[in-house]
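The values are calculated or read from the model by the stated rules, or taken from the named source; none is laboratory data. Model, not experiment: these values are computed from the prediction. Using ideal geometry, Cβ is built from the backbone for each residue, glycine included, and neighbour counts are taken over all protein chains shown.
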Amino acid sequence: MGIMKNLMAATALATISASAALACDISARVNIVGNEFPAIQTVGAGAQECSGGEVKTNLTADHQKINLAGMQGNPAEYTSAIVANSSIVNLMNEDVIRPLDDLVAKHGADLKKNQLITINGKIMAVAFMANAQHLVYRKDVLEKIGMDAPATYEDMLAAAAKIREMGIMENPIGGAYKAGWNLAQEFNNMYIGAGGKFFKDGSAEASINNAQGVAALNMMKSLSEYMNPDFLTHDSNATNAEYRAGNVALMNMWGSRAATLTDADGVSQEVKDGMAIAGPMTVAGGSTPATTLWWDGWTVAKNISDAEAEATFIALTHAIRPEMLNDKTSTEAVWLIDGYTPTPAATGVFAAAQSGSVPYPMLPYQGLLHTALGAELSDFMQGKESAEQALADAEAAYTAAAKESGFLK
Amino acid sequence: MRHSTFFWFFLPTGLAMLLFIAFPIVSVISQSVFTPHEAVFVESENCGPFGCTTETTIDQDATAALREAKPLGQFVGLQIYLDRGHLATSEVAAAWRSTDSMGAFFKTINNLPFYRAMGFTLTYTFTVTPLLIILGFAIAVAVNSLHRHLKGLVIFFSLLPMIVTPLIGSLILFWMVDSRGVLGNFLQWMADDPDLSLKASTGLTWIMLIVYGVWHSAPFAFVVFYAGLQTLPQDTLESSRIDGATRWQQIRYVVIPHIMPLVTFVALIQIMDNFRVLEPIIGFNAEAHARSLSWIILNDLNGETQLLSSAATTSVLTILGVSILLSPVLVRTWRDFNSKA
């Protein structure tokens, strides 16, 4: 009996290690740089299941500060960068990632067509998850004031006014309005929702100082009057903390953070039970939701040997194979992987995709406009200058940066 | 000292200075007068999880050819120095022409990133430096008069602010002054204003940064002055006491003249440090209210698209700014040195 037991255990072990080895066998080094949120941790750990070559990961919130420098050398330090549709642009501009067509043909049979990011006819990245900002709210609070989940930002303002009037919360709206990247992203959302276009057709010349830009800024200002007065220092983490503490009833939040929002220690039962998710809102009578769609995916570096590129591709394809989906990983993201069934936490992102939201633009110069907006809009939010002046400043700052980068003459 | 002895003695230092000071400055200056090549755009069809769109992308082959021909990029001379992100000459000239009062002129100038950053940087440097010297001196005199058993302990605690990493120190204070934090709540109670928020007011944010700067750097001045006090000529001090000098008179006419060279030294180091103020702005998330030259450099390097030429230009301007600020002190030291020799 004892012998049988040992034998069975040994066989089982052998089978497990054999199947793992069969599933992912690589012959060169792999080094991945990327962001640190749970879904990307899962992908990194998946790649590290591979054997035959060393697999290193560097998953950090500062990934964008190091990925370019780490891929510009020859040979590159990182064989792969995990990026989103905004950050792939920088790597494309500097020509440090390679086309993946031949590797997809050889090893990518399991990948779905819509996972392949194709630029100018070449596959440049493999997407594994989608993301979007959408409404997160407290259904118990909205029940108290007798209103439904807001579908427009105007409804959101009305609900906030009522919550404050009834004395339920002093500052019921939350928002990641921290000066810099976050503030610019909220402007992008609102500007797209108001029907604005960032650039003159077919040119790199910014055109945001218009009626839609002013409408977007005025809506942001109105919302900020129902926010914690420190809103210009609040990023997504601080906004989530306000929500967890029960100080906020309505906020526009990232789908990738919504699933784990109330999992932290010390969140009251009331906040846990009251949490609800809905799709993104529209603004100023527009039909396009005031949000943007995002994908996260991986790339393969250009300045590495073909063997390393192949090993990287195999390891990361293994990390996002359909079998990696289970009860735990399914809630971490809206996976684009075959066989993924949406969890309740994913409803906001799905609603965003189905209601005609637009993806964040992948233009070579969009990042410069984003940075310029982040630096110049805070004066308006503090009431120090007019909306027109803030938009003119952002355009001027962008123009100087775009001239320097060779995007404008 | 023989010339050959001096040469071999100085060689390692000279090499290190060349490698770590001169070369980086040359590299920064050359980066500031070159910019990337003009981008060659192509219209391309891009597809992904959300469908296909026609978008502008960069023509990699054409750009690679340009880079191959001229690896440094295009030479633009002082163009970056004069653009809106830096000295903004044409914007300043336009503001001068279009405004009719000095107030309106300065308001327009203050809207330009470089001048706004200079405004904060100079205010910070010229309030923090004298305040930290005064505070450091006061602590040094106080500690020096303590009983010797207490000194060690008090010195250790006085040094703590300098030991704490600036980024961490400012972050901890940032949480404490939050309107829901310990200090923030206390200030609201003091001012009898439940809506008071330090982080939402530009004036209070500046004061908070300055107080933090003094708190962080005072220990440095304290340590230097305390060391100076140990060499105080006891005879002079004693004779002044016999002459009936009060404690204040002893400090004014004996102690201060004795440590004056150290005051110059501390001022020199601290002006340099404070002109490069960065960590408190990051730690306090204060970029909406206060920006420094170093913050501009970091922002240029941290954006989704790096602006290397712009960052290099601001670096050169920072070096120039530090040199201008230090020149009076350096000239004075040079004169003292010559008069002694």
Study note, to complete from the structure: By residue number, the members of the stretch B:51-101 that are loosely packed, with under 15 Cβ neighbours inside 10 Å, in contact with a helix residue (DSSP H, G or I) (Cβ under 9 Å, 6 or more places away or on another chain) and closer than 30 Å to residue A:292 by Cβ are B:51
Exercise for review: Inspect all residues belonging to the stretch B:233-247 and state whether any of them is in contact (Cβ under 8 Å) with a residue 24 or more places away in the chain and of a type in the set (Val, Ile, Thr).
Suggested key: no
Practice item. Select from the stretch A:225-234 the residues that are assigned to a loop (DSSP other than H, G, I, E, B) and within 9 Å of another protein chain (Cβ to nearest Cβ) and write down the one among them that is surrounded by the fewest Cβ atoms within 10 Å (Cβ to Cβ). Key: A:229
Check your understanding: Within the stretch B:157-197, can you find the residues that are polar (S, T, N, Q), without any contact (Cβ under 8 Å) to a residue 60 or more places away in the chain and not in a loop (DSSP other than H, G, I, E, B)?
Key -> B:185, B:188
Practice item. Considering only the stretch A:72-111, state which residues are assigned to a helix (DSSP H, G or I), within 14 Å of chain B (Cβ to nearest Cβ) and over 21 Å from residue A:294 (Cβ atoms). Key: A:72, A:101, A:104
Check your understanding: Of the residues A:345, A:394, which single one is in the same structural domain as residue A:113 (by TED's automatic domain parsing) and in contact (Cβ under 8 Å) with a residue 24 or more places away in the chain?
Key -> A:345
**Study point:** Count of the stretch A:104-147 residues which are of a type outside the set (Val, Ile, Thr) and farther than 27 Å from residue A:38 by Cα
**Key:** 11
Review point. Among the residues of the stretch A:240-262, which ones are within 13 Å of chain B (Cβ to nearest Cβ), part of a helix (DSSP H, G or I) and touching a residue at least 40 places away in the same chain (Cβ under 8 Å)?
Key: A:242
**Study point:** Test: residue in the stretch B:142-154 that is within 12 Å of chain A (Cβ to nearest Cβ) and either among the charged types (D, E, K, R) or within 21 Å of residue A:227 (Cβ to Cβ) (or both)
**Key:** no
Check your understanding: Residues of the stretch B:291-333 being over 15 Å from the mean Cα position of the chain (by Cα), closer than 19 Å to residue B:115 by Cβ and either more than 10 Å from chain A (Cβ to nearest Cβ) or outside any helix (DSSP H, G or I) (or both), which ones?
Key -> B:307, B:311
Exercise for review: Those residues that are farther than 12 Å from residue A:78 by Cβ, of a type in the set (D, E, K, R) and surrounded by fewer than 23 Cβ atoms within 10 Å (Cβ to Cβ), I need them from the stretch A:285-320; list them, please.
Suggested key: A:306, A:310
Review point. Among the residues of the stretch A:67-89, is any charged (D, E, K, R) and surrounded by fewer than 15 Cβ atoms within 10 Å (Cβ to Cβ)?
Key: no
Study note, to complete from the structure: The condition of being modelled with pLDDT of 95 or more and either surrounded by fewer than 21 Cβ atoms within 10 Å (Cβ to Cβ) or on the phi > 0 side of the Ramachandran plot (or both) holds, among A:188, A:171, A:218, A:237, only for A:218
Review point. Which is on the phi < 0 side of the Ramachandran plot and either at pLDDT below 95 or of a type in the set (Gly, Ala, Ser) (or both), of A:26, A:82?
Key: A:26
Review point. Considering the stretch B:271-290 alone, what residues qualify as being of a type in the set (D, E, K, R) and either crowded, with 21+ Cβ neighbours inside 10 Å or in a loop (DSSP other than H, G, I, E, B) (or both)?
Key: B:276, B:287
Point to revise | Sole residue being more than 30 Å from residue A:304 (Cβ to Cβ) and part of a helix (DSSP H, G or I), chosen from A:68, A:157 | key: A:157
